[in-house]
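Asker: One structure coming up, written as structure tokens, with questions to follow.
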Amino acid sequence: MTAMIRVEKLTVGWDGRALLTDLNFEVQAGETFAVLGGSGSGKSTVLRHLIGLEVPMAGSIHLQGVGSPGKSMGRPAFGVLFQSGALFGSMTLADNVALPLKKWTSLDAKTIRALVQAKLRIVGLEGYENHLPAEISGGMKKRGGIARALALEPSLLFLDEPSAGLDPVTSAGLDDLILALSRTLGMTTVLVSHELPSILAVADRCILLDKQAGGAIAEGNPRKLRDESSDPRVQAFFHRRAEATREQEMA
Amino acid sequence: MGRAASRFHLPIDFLFWKPSIELPKLCGPPFLGNQDPLAATAFDLQAHGGGKLLEVELAGRLELKDCQTLSRALRATLHPLPERCRVNMAKVERLDGAAAAVLMEVSVELCAQGRPLEFISAPPDVQAILDIYYTDCAQASLRAAPVRQGIFDQIGRSTVELWRQAKEGLDFLGEMLLALVAAVRKPSSVQWRGTGTLMEKAGADGLPIVVLLGFLVGLTLAYQSSNQLKLYGANLMVADLVTISLARELGPLLTAIIVTGRSGAAFAAEIGTMKVSEEIDALYTLGICPYRYLVFPRVLALGFILPLLTILADVVGSAGGLVIGVTELDLTPAAYLAETRTALTLWDVTSGLVKSLVFGIVIALVCCHKGLAARGGAEGVGRTTTSAVVTSLFLLIVLDTALTILFHNMRL
């Protein structure tokens, strides 16, 4: 197995203040890797660093075939789903998904239309091609965002809270889709989430971030961590125990 | 893809496919003469049999970059249409989502002619992708084609939209009157502290630009008229001209235009952003009326601040006239000021202030109303702000004309 992403001694933060220090992890090709942690633990910040939107305060990130991520204006090497979907408000759903295809391929309009329809169909948005993002629900925006992220058939996919705010059935459907895509296409997926059922269903490995510790407190298979870890903070996260966390904070 | 673009094509359109002249970068060369169309692609397509049963054998890597060539090659192979067609996928090394989507597209088109495409011997990975992108022919034919809006439809919709906007405007005015009544009955319910900050932003922060522009307008007015007045030896009259036109007309209008651009646009953008990010809805759920909480303080602030800024513009404008009077028309400052005092009546100033009071209220009302009506993300806020400024300016000029005619007919 080759490492798709290698993170070494990464320190991230805001305004010169470090939020998380000394993060080290690797994401292997074809793996589904989850970045976990409570609200405000810096999950999304880590993701923003991985996709090159933020510059690390220290340490390095290496993406296979890309090098250090940055705000490059070239053909994107990966697909990204933002927390809110981040669909362009002035374009229809179909135009949002078609945009990367129009920009980065020379396919004709008919083929692009067929591809866009197929993408929207697999995320369950068939029939909404001509809707504007403002006309659809939050969950649908998120699924539209996934369709757009998949448009260029990326081998690496970053998902920020893919199933948050979705109903259990849609959320499970999305999990199935992520699993199917990573298993069949060998796609590497990095997802940020705190939805336990979803994480346990899809993630091969995970890293658990903690605000108090200012870094990672556990790494490994989420099911194993849940069943075998002796760290009370890890147990509190996986068993949804608020008291344990609070006692930890008090101590 | 346009909103009204047809989602469907006649299933036979591939029969009329013509080779394109330009060479697409990523999709391999088009079918021209004896060139092998598949030479530059990562996959291979072989057809065996024909007539009753055609077997198409696909091999290699079917990926996004070759999917258009794949689609064309497959369609060309399937012409003329055999009775049955099987696609053997046994030698496919990799199939990505785009290529799977293209295969399904062709399959659905053939379905419409009652001759579905069969995919056989696919390795498990390839079959899994085909399953993800599988399209049921029956479902595909149920997809509704987008409705194209006719001209009458569009006119009808615009009229309904206009009516809706008019009703919204009336609702807004009603809410504002209620807010006014509530404020009079219970003054403590008004956000006085917020009003102060708004006055500072709209008034004090806008002082430099009002002073500068007021001075320049007075100066220009005096300069332009000095040439004409000199001809008649009426040099002193420049003071009358500058002072009266500033007090009655230019002072209020100039200030109102500046305030529309500075504060009105800010109000519309601020409230519009709050609207699209559901903050206004949040106010409602907290039991706070956005009209009383957001709009009323802004109306008060501009209604109060605009007359003050107008007085300032009048004064510095006259100073601008004085500079030209002294330097160009050989007047003494004392003579200019004495003439100003004689020319100017109380009503000249008051009528200007009444105008600016009306302008201030109108700017705040229009911009806040537009902000509250914002819809649809960042672009919606931009549209709202533009519309707020344009509507305000339009109403300013119309109201200015109406008030001028009214005051004139009152013989004041």
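Asker: Run the paramagnetic zone check for A:Ser137: 7 angstrom along Cα to Cβ, then residues of region A:72-105 with backbone nitrogen under 17 Å.
Answerer: Output list for this probe position: A:84-85.
Asker: When only Cα pairs under 8 Å and 6 or more residues apart are kept, what is the percent relative contact order across chain B?
Answerer: About 15 percent, as a whole number.
Asker: Taking +1 at the Cβ of each Lys and Arg and -1 at the Cβ of each Asp and Glu, which of B:Leu308, B:Leu353, B:Ile363 sits farthest along the dipole of region B:291-392 towards its positive end, judged by Cα position relative to the Cα centre?
Answerer: Value computed over the given set: B:Ile363.
Asker: Say each of B:Gln165 and A:His239 gets a label point 7 Å from the Cα, pointing the same way as Cα to Cβ; how far apart are those two points in nm?
Answerer: 6.2 nm
Asker: In nanometres, what is the gap between the two model label sites at B:His408 and B:Ala335, each 7 Å from Cα along Cα-to-Cβ?
Answerer: Label at B:His408, label at B:Ala335, 3.2 nm between them.
Asker: Pull up all non-local amide H partners of A:Phe158: gap of 5 or more, or a different chain, and H-to-H distance under 5 Å with H placed in the peptide plane.
Answerer: Distant-sequence amide H within range of A:Phe158: A:Gly79, A:Val80, A:Leu81, A:Val190.
Asker: For the pair A and B, how large is the buried accessible area, both sides, in square angstrom to the nearest 100, if the probe is 1.4 Å?
Answerer: 3100 Å²
Asker: Additional query: Can you work out the FRET efficiency for the pair B:Leu53 and B:Ala112, with r the C-beta to C-beta distance and R0 = 22 Å, to the nearest 0.05?
Answerer: Computed FRET efficiency for B:Leu53 and B:Ala112 comes out at 0.65.
Asker: In addition: Can you give me the P(r) profile for region B:70-197? Cα pairs, bins 10 angstrom wide beginning at 0, each as a whole percent.
Answerer: The percentages, shortest bin first, are 10, 23, 15, 8, 11, 11, 12, 8, 1.
Asker: In whole Å, largest first, what are the principal axis extents of the Cα atoms in the protein assembly as shown?
Answerer: Principal extents (largest minus smallest coordinate, Cα): 106, 75, 48 Å.
Asker: Which one, B:Ser71, B:Tyr134, B:Thr220, is farthest towards the positive end of the dipole of chain B when Lys and Arg carry +1 and Asp and Glu -1 on their Cβ?
Answerer: B:Thr220
Asker: So the label point goes 7 Å from the Cα of B:Asp131 along Cα→C-beta, right? Which residues of region A:149-188 then have their backbone N under 18 Å from it?
Answerer: Zone members listed by number: A:172-187.
Asker: How are the C-alpha pair distances of chain B spread across 10 Å bins, as whole percents from the shortest bin up?
Answerer: Distribution as computed: 4, 16, 17, 11, 10, 11, 11, 10, 7, 3, 1 percent.
Asker: Would you work out the charge dipole size for region B:191-409 about its Cα centre, treating the Cβ of every Lys and Arg as +1 and the Cβ of every Asp and Glu as -1, and quote it to the nearest 20 debye?
Answerer: For region B:191-409, the charge dipole is close to 440 debye.
Asker: Does region A:141-246 come out rounded, prolate or oblate by the C-alpha gyration tensor, with a ≥ b ≥ c the root eigenvalues, rounded set by a/c under 1.5 and, if not, prolate when a/b is larger than b/c and oblate if not?
Answerer: prolate
Asker: List the lysines whose Cα sits under 24 Å from the Cα of A:Lys224, skipping any in the same chain fewer than 8 residues away.
Answerer: Reachable lysines: A:Lys43, A:Lys211.
Asker: Related question: For region B:191-409, what is the per residue volume of the convex hull drawn over the alpha-carbon atoms, in cubic angstrom?
Answerer: Taking the convex hull of the Cα positions in region B:191-409, it is 124 Å³ per residue.
Asker: Here is a follow-up. Any chance you could look up the accessible area of A:Ile61 with a 1.4 Å probe, heavy atoms only, rounded to 10 Å²?
Answerer: For A:Ile61, the solvent-accessible surface is approximately 10 Å².
Asker: So what's the angle, to the nearest 10 degrees on a 0 to 90 scale, between helix B:97-111 and the longest Cα principal axis of chain B?
Answerer: On a 0 to 90 degree scale, this one is about 70.
Asker: Report ³J(HN,Hα) in whole Hz for each residue of region B:117-122, in order, from the Karplus equation J = 6.51 cos²θ - 1.76 cosθ + 1.60 where θ = phi - 60°; Gly and Pro get x.
Answerer: Taking θ as phi minus 60°, the curve returns 8, 9, 9, 10, 6, 6 Hz for region B:117-122.
Asker: Simple spin-label model, 7 Å along Cα-to-Cβ: B:Ala319 to A:Asp227 in nm?
Answerer: In this crude label model, B:Ala319 to A:Asp227 measures out at 8.3 nm.
Asker: Which residue, chosen from B:Leu399, B:Ala99, B:Ile257, occupies the Cα position most advanced towards the positive end of the dipole of chain B, where the dipole is computed from +1 (Lys, Arg) and -1 (Asp, Glu) charges on Cβ about the Cα centre?
Answerer: Of B:Leu399, B:Ala99, B:Ile257, it is B:Leu399.
Asker: Still on this structure, please answer the following. Which value results when the Cα radius of gyration for region B:134-268 is divided by 2.2 N^0.38 Å?
Answerer: Cα Rg divided by the expected 2.2 N^0.38 Å: 1.94.
Asker: Quick check on chain A: what are the equivalent-ellipsoid semi-axes from the Cα gyration tensor, as sqrt(5λ), descending, whole Å?
Answerer: That gives 32, 21, 17 Å for the three semi-axes.
Asker: When the Cα atoms of region A:86-153 are enclosed in a convex hull and the volume is divided per residue, what value in Å³ results?
Answerer: Per-residue hull volume (Cα only) is 75 Å³.
Asker: Note the full-extension length gain between B:Leu177 and B:Arg148 as 0.36 nm times their separation in residues minus their Cα-Cα distance, in nm to one decimal.
Answerer: The span from B:Leu177 to B:Arg148 would gain 6.2 nm if fully extended.
Asker: Among DSSP bridges having both ends in chain B, what percentage is antiparallel? Round to the nearest 5.
Answerer: Given both bridge residues lie in chain B, the antiparallel proportion sits at roughly 40 percent.
Asker: Given the protein assembly as shown, what percent of its DSSP beta bridges are antiparallel, to the nearest 5?
Answerer: 45 percent
Asker: Right, here's the next one. Can you give the helix-only mean residue ellipticity at 222 nm for chain A, where every DSSP H stretch with n ≥ 4 adds -39500 (n - 2.57) and the sum goes over all residues, rounded to the nearest 500 deg cm²/dmol?
Answerer: -11500 deg cm²/dmol
Asker: Also, quick follow-up: Just the number, please: percent antiparallel of the DSSP beta bridges in chain A, rounded to the nearest 5.
Answerer: Of all bridge pairs located within chain A, approximately 55 percent are antiparallel.
The values are calculated or read from the model by the stated rules, or taken from the named source; none is laboratory data. From a predicted model like this one, the values you see are computed outputs, not experimental measurements. Counting neighbours? That spans all protein chains shown, and the Cβs are built from the backbone with ideal geometry, glycine included. Keep in mind that these areas ignore ligands, DNA and RNA; they rest on the heavy atoms of the full protein, side chains included. Shrake-Rupley method; radii C 1.70, N 1.55, O 1.52, S 1.80 Å.
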